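Notes for the one structure printed next.
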Amino acid sequence: MAENQEVSTSQWRIDVWFPDLNPEILKQLKTYHDELLKFNKTLSIISQKTVAMADALHFADSILASRVIAKSNPKIQEIYDLGLGSGFPGLVFAIMNPHIKVHVVESDQRKCEFLKHIIASVRIPNANVFSVKLDEIKENSMQYVMTRGLASISKVIMATRKSVPKGGVIFHLKGEQWGMEVSEIPIQLCSLWTPGLVGEYRLPVGEIKFSVIKTDKIA
């Protein structure tokens, strides 16, 4: 009963907000949403406080950020998602960009199984799961990376300093306070990375502005 109540109180407005998406993509996103709510009861994949607004806070956010990322660099053929085990934004990016290979990096085995289930049930052939810790990723293997909610910009570039090669790019999904994170990047890292704003967007509900920040590895 509790599970049914949770599902019934959640909203789904993606088809209204994004009428330009083709029906197959909308179907995939809806299936993802439904499966997320089922698994969230036992795995706590997303905060319970965000369940009712998951369509806006997780799906719309990932759709808008994915568009910014894809538009900023049409040459991307492969990208890694360093997230929190929910698949955002990586799996949404993969659904919207079927020609780009997406690797979702996750070390928690239970969340890995959830991600694999989503990939199979939603049918996302261009996505897979890397069940590894960040420090276990092969050196210089990640040319393009995206991350949402994992850590501050400084911590992310520190954790990926070996796995991202010179010329590599990390896309960070951030809120309005991203400037503070950039100002906190240690001087020694500034000689290796150049931060910059890629694009901004607002969710279909609310007035908060979100941003995609990139850090280019220059040395």
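The values are calculated or read from the model by the stated rules, or taken from the named source; none is laboratory data. Given the structure is predicted, the values throughout are model-derived calculations rather than measurements. Methodologically, a virtual Cβ is constructed for each residue, glycine included, from the backbone with ideal geometry; neighbour enumeration extends over all protein chains shown.
One table, with the values for the structure above:
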read-out: Qualifying positions in segment 108-140 - exposed (fewer than 14 other Cβ atoms within 10 Å of the Cβ) and among the hydroxyl-bearing types (Ser, Thr, Tyr); value: Ser121
read-out: Helices (runs of 4 or more DSSP H) (entirely within segment 140-200) containing at least 1 residues that are of a type in the set (Lys, Arg); value: 153-159
read-out: Subset of segment 201-217 [closer than 12 Å to Lys174 by Cα and surrounded by fewer than 15 Cβ atoms within 10 Å (Cβ to Cβ)]; value: Arg202, Ile208, Lys209
read-out: Candidate set: segment 72-95, residues that are among the hydroxyl-bearing types (Ser, Thr, Tyr) and farther than 19 Å from Ser163 by Cβ; chosen: the one surrounded by the fewest Cβ atoms within 10 Å (Cβ to Cβ); value: Ser72
read-out: Only one of Ala56, Ala52, Ala60 that is among the aliphatic types (A, V, I, L, M) and assigned to a loop (DSSP other than H, G, I, E, B); value: Ala52
read-out: Some residue of segment 81-104 being of a type outside the set (A, V, I, L, M) and without any contact (Cβ under 8 Å) to a residue 24 or more places away in the chain; value: no
read-out: Hits in segment 12-26 (condition: loosely packed, with under 14 Cβ neighbours inside 10 Å and either modelled with pLDDT under 95 or under 20 Å from the mean Cα position of the chain (by Cα) (or both)); value: none
read-out: Selection count where residues are among the β-branched types (Val, Ile, Thr) and out of contact with any helix residue (DSSP H, G or I) (no Cβ under 7 Å at 6 or more places or on another chain), scope segment 204-219; value: 2
read-out: Hits in segment 39-67 - residues which are of a type in the set (A, V, I, L, M) and buried (at least 18 other Cβ atoms within 10 Å of the Cβ); value: Ile45, Ile46, Val51, Ala54, Ala56, Leu57, Ala60, Ile63, Leu64, Ala65
read-out: Selected residue (criterion: nearest to the chain's Cα centre (by Cα)) from residues of segment 201-219 that are assigned to a loop (DSSP other than H, G, I, E, B) and within 27 Å of Phe59 (Cβ to Cβ); value: Leu203
